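K.L.:
Supplied in structure tokens, the structure appears directly below.
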Amino acid sequence: MGGSRAQVNKPHKTRFSSKSSRNIHKISQKDKNRIAKSNRNVTQGARAARLQRSKMLREQKKEALLKEKRASSGSASPPRVILLFPLSASVNVSSLAEDILRLLSADVSRALSSTVASSEYKLRATVLHAPHGDLLSCMEMAKVADLIAFVASATEQSTCDYIDSFGSQCLSVFRSLGLPSTVVFIRDLPTELKRQNDAKKIVTCSLTSEFPEDCKFYPADTKDDLHKFMWLFKEQRLTTPHWRNQRPYLIAQKVDMVPDDSSPEKCTLLLTGYTRAHSLSVNQLVHVSGAGDFQLSRIDIMKDPIPLNARKDHNAMDSDDIEDAEIIRSLAPDPSSLEPLLVENVPDPLAGEQTWPTEAEMAEAERNQKQKRLRKRALPRGTSEYQAAWIVDDTDGEDSGVENDGDDDEDDDGMLLDEGESGCPSQEDTNNRDFEEDQASLHLRDSDEETENDSVMMEGDNMTREQIEDEIKKIKEAHAEDEEFPDEVDTPLDVLARKRFAKYRGLKSFRTSSWDPKESLPPEYARIFAFDSFARTQKHVVVKALKVEQEGRDDCAPVGSFARFYIKEVPFHAASNLCAASRTAPIVLCGLLQHESKMSVLHFSIKKHDSYDAPIKSKEELIFHVGFRQFVARPIFSTDNINSDKHKMERFLHAGRFSIASIYAPISFPPLPLIALKNAAGAGTPAVAAVGSLRSIDPDRIILKKIILTGYPQRVSKLKATVRYMFHNPEDVRWFKPVEVWTKCGRRGRVKEPIGTHGGMKCIFNGGLQQHDTVCMSLYKRAYPKWPEHRFPANV
């Protein structure tokens, strides 16, 4: 072929450069056997290590289980707490409690006590029976119970009769707190065996869905039935909520108070009982249910009045035994290790100041201010404030300069309306009207009258029944309106919108727009504490408490010890309330972890309780039960926005969904349950308003209050529209011109210019506007919780 090139064979490329290097990579049979043997040894060694590790883990779990069993049922363990709760009002739990105590107590002739020791069952127990209808007592008993025995009557005909409304409400509250080990006692069974089994099956089938899967049903009519249950209860491994095992606590067997001679308003509270869960240090802060956080002045570790010993003459705890108990040793706090009772941060008012006037300058300024108030100026009728500043009086120029400086200060505050729109004939009337308009329109923190004014029912104790009913009606109407038209407000006619909504701003995007969390913080933020990393702090605090527990220091009352705690500087009124409340409900002392007495901003995941129908408004006073602790708070509610660092405030807590409640309260480390109670108007006992759990502690969480200003199209021409009734002044239109507007039918646009003198404006949209559409403008401002007037319910 013409023009073709001859094919040239390229040299073959091999893996090896020469023939002599081909066998280098080959491994001899001897080497192969040696490698296989080493691999087999490695495999066998790894398997042996896995087996050894599994064996070690089994032994550790076995030792932990035996240690837990000895701690819960040994001679050094505190008595087990059994709570008898009636599911309906027809059940008599007093007789059942008496039967159990007589079964455990060997000495029947003595008067029965709530705490007994049984040498036959090798068990110590405290039997509590919940009073039907007393919600607070039932809650406090459920917090400390190791076993809740729900008592049902077999004589009821239907499921709704087995559990009445109060029993159902308490059962839901117990679930929110976390249920410990539970059983169900069935009473009033027929004596005939066949009918007895049939009745037991009916009750079991009707109530199984209401309790956990491992809940057992036992007959409890005769002594033999209780005897069988006690043998099973003795060997049962009890489970308690996780939050209860994080802190040491004590159930007071005796409550007493000693007046303080140095301060008549203070006293020393004495609580005597068994230390539970963890050892409690005398240098540690403690919380007394409903009274607050305090320091300890002394701990007396006493001889156990009812030891688990068959040779003892009697095995029931009496008040005389507690008084005559022998003191083994006393623990006194170490001033160098004592944790300070620090509640609020003390702000420095001079932190942002560079100079400070002398006392002479302050006295001179106060004297000039008094002279300014007393002096009256005769001005021509219709003289404005600007014109009056140029009129020189006969007095010396220094006084005039002082007055002008005062006027300048008022202008700097931004609290005055424009003088040209006052239209008042005299200077005095002008000042009065400006002051009234400022008070009505601008408050430094409470600018929105609808949601931030305090509830009249919480403050007006002298209100009549008709006034209370009117106030409840207004709140219900506001709640219904908030559900139908959320966030919509009307622009006031008598106040300029740029003054009324001075603290609000527009956002291009609620999700992506930036908002500085440190901007324009309220004065309350100077009184609280914050963490750089809350998770790291919590981990450090828990590890430190566990280390103190393992060291077994001399300043701690060990678990299971019978001790008397001296709590100093308790308000006399609160101590008297606790002594009175101890007759119906247990008084609980709880040890606090580090930092848990300091105030901060706590956020709770909260849901309105199904049994509560009244509206719950933001910043209303609620009683928060967080674990063993109780405090009064005034929360604000907000949504939980996962995709953004900003969260929208809710004016009411709506039913059927979870919200976030933010409050000023003492720091508590999660997990902890929440029960929120609300004092109803005219009712003596509070009702369960909401339940939830502690979410986080974060003062930088941004909660934005949203308002929507609405206007209506007057004329529509393609993409343009004339909108009215959103504003009532052309200056307001110019002020809010940069903010984007939107419609309820999905259009978006902007304000072009004001029209006329009555607040009309021309808007341009991204599509045709319908005549029946509504034009809206969204404005936002940051919202904060309300600082409570009193912190603890026992101090009220």
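The values are calculated or read from the model by the stated rules, or taken from the named source; none is laboratory data. Here the structure is a predicted model, which is why all the values come from computation and not from measurement. So basically every Cβ, Gly included, is an ideal-geometry build from the backbone, and we count neighbours across all protein chains shown. Ligands, DNA and RNA are stripped out before the accessible areas are found, and what is left, the full protein with its side chains, is counted by its heavy atoms. Shrake-Rupley method; radii C 1.70, N 1.55, O 1.52, S 1.80 Å.
K.L.:
Assuming K598 fulfils every condition listed in (1) in contact (Cβ under 8 Å) with a residue 24 or more places away in the chain; (2) open to solvent by 20 Å² or more (accessible area, probe 1.4 Å); (3) out of contact with any Leu (no Cβ under 8 Å at 6 or more places or on another chain); (4) not hydrophobic (A, V, I, L, M, F, W, C) apart from one, which condition is it?
P.N.:
Unmet for K598, out of (1) in contact (Cβ under 8 Å) with a residue 24 or more places away in the chain; (2) open to solvent by 20 Å² or more (accessible area, probe 1.4 Å); (3) out of contact with any Leu (no Cβ under 8 Å at 6 or more places or on another chain); (4) not hydrophobic (A, V, I, L, M, F, W, C): (3).
K.L.:
Pull up segment 567-621, narrow it to residues that are modelled with pLDDT under 95 and aromatic (F, W, Y), then point me to the one that is farthest from V343 (Cα to Cα).
P.N.:
Here the residue is Y612.
K.L.:
For segment 637-691, what are the residues that are touching a Phe, Trp or Tyr at 6+ places or on another chain (Cβ under 6 Å), in a loop (DSSP other than H, G, I, E, B) and within 30 Å of D470 (Cβ to Cβ)?
P.N.:
L653
K.L.:
Restricting to segment 492-506, and then to whatever is surrounded by 18 or more Cβ atoms within 10 Å (Cβ to Cβ) and closer than 25 Å to F637 by Cβ, can you tell me which residue is farthest from the chain's Cα centre (by Cα)?
P.N.:
So, considering only residues that are surrounded by 18 or more Cβ atoms within 10 Å (Cβ to Cβ) and closer than 25 Å to F637 by Cβ, the one farthest from the chain's Cα centre (by Cα) is R500.
K.L.:
Looking only at segment 90-104, count how many residues are open to solvent by less than 10 Å² (accessible area, probe 1.4 Å) and modelled with pLDDT under 90.
P.N.:
1
K.L.:
Of all residues in segment 62-77 being within 35 Å of the chain's Cα centre (by Cα) and at pLDDT 80 or above, which is surrounded by the fewest Cβ atoms within 10 Å (Cβ to Cβ)?
P.N.:
A64
K.L.:
Can you work out which of the residues in segment 465-476 that are modelled with pLDDT under 70 and open to solvent by 50 Å² or more (accessible area, probe 1.4 Å) is farthest from F637 (Cα to Cα)?
P.N.:
Per the stated criteria, the residue is R465.
K.L.:
For segment 559-580: of the residues being in contact with a helix residue (DSSP H, G or I) (Cβ under 9 Å, 6 or more places away or on another chain) and open to solvent by 40 Å² or more (accessible area, probe 1.4 Å), which is farthest from S113 (Cα to Cα)?
P.N.:
H573
K.L.:
OK, next. Condition (residue is in a loop (DSSP other than H, G, I, E, B) and of a type in the set (G, A, S)) applied to segment 618-630: is it met by at least one residue? Walk me through how you get there before you give the answer.
P.N.:
Initial filter on segment 618-630 (in a loop (DSSP other than H, G, I, E, B)): 618-621, 627-628.
The next check asks that each one be of a type in the set (G, A, S); those that pass are 618, 627.
Yes, there is a match, as at least one residue in segment 618-630 is in a loop (DSSP other than H, G, I, E, B) and of a type in the set (G, A, S).
K.L.:
Given the criteria in a loop (DSSP other than H, G, I, E, B), open to solvent by less than 40 Å² (accessible area, probe 1.4 Å) and within 19 Å of E339 (Cβ to Cβ), does I528 qualify?
P.N.:
Numbers: in a loop (DSSP other than H, G, I, E, B): yes; open to solvent by less than 40 Å² (accessible area, probe 1.4 Å): yes; within 19 Å of E339 (Cβ to Cβ): yes.
When the stated conditions are applied, I528 passes them.
K.L.:
Which condition number does A332 fail, the rest of (1) open to solvent by less than 70 Å² (accessible area, probe 1.4 Å); (2) modelled with pLDDT of 90 or more; (3) farther than 23 Å from L578 by Cβ being met?
P.N.:
With (1) open to solvent by less than 70 Å² (accessible area, probe 1.4 Å); (2) modelled with pLDDT of 90 or more; (3) farther than 23 Å from L578 by Cβ applied to A332, the lone miss is (1).
K.L.:
Could you please tell me which pairs satisfy a Cβ distance under 9 Å, a separation of 6+ or placement on different chains, a first residue in segment 78-90 that is in the same structural domain as A117 (by the TED database) and among the basic types (K, R), and a second residue that is outside any strand (DSSP E or B) and open to solvent by 10 Å² or more (accessible area, probe 1.4 Å)?
P.N.:
R80/S72; R80/S73; R80/D146; R80/L238
Residues checked against (1) of a type in the set (G, A, S); (2) over 25 Å from R511 (Cα atoms):
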site	(1), (2)
F736	no, no
V739	no, no
G746	yes, no
R750	no, no
G756	yes, yes
N766	no, no
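K.L.:
Look at H595 and say whether it is assigned to a loop (DSSP other than H, G, I, E, B) and over 24 Å from S137 (Cα atoms).
P.N.:
Numbers: assigned to a loop (DSSP other than H, G, I, E, B): yes; over 24 Å from S137 (Cα atoms): yes.
Yes, satisfied.
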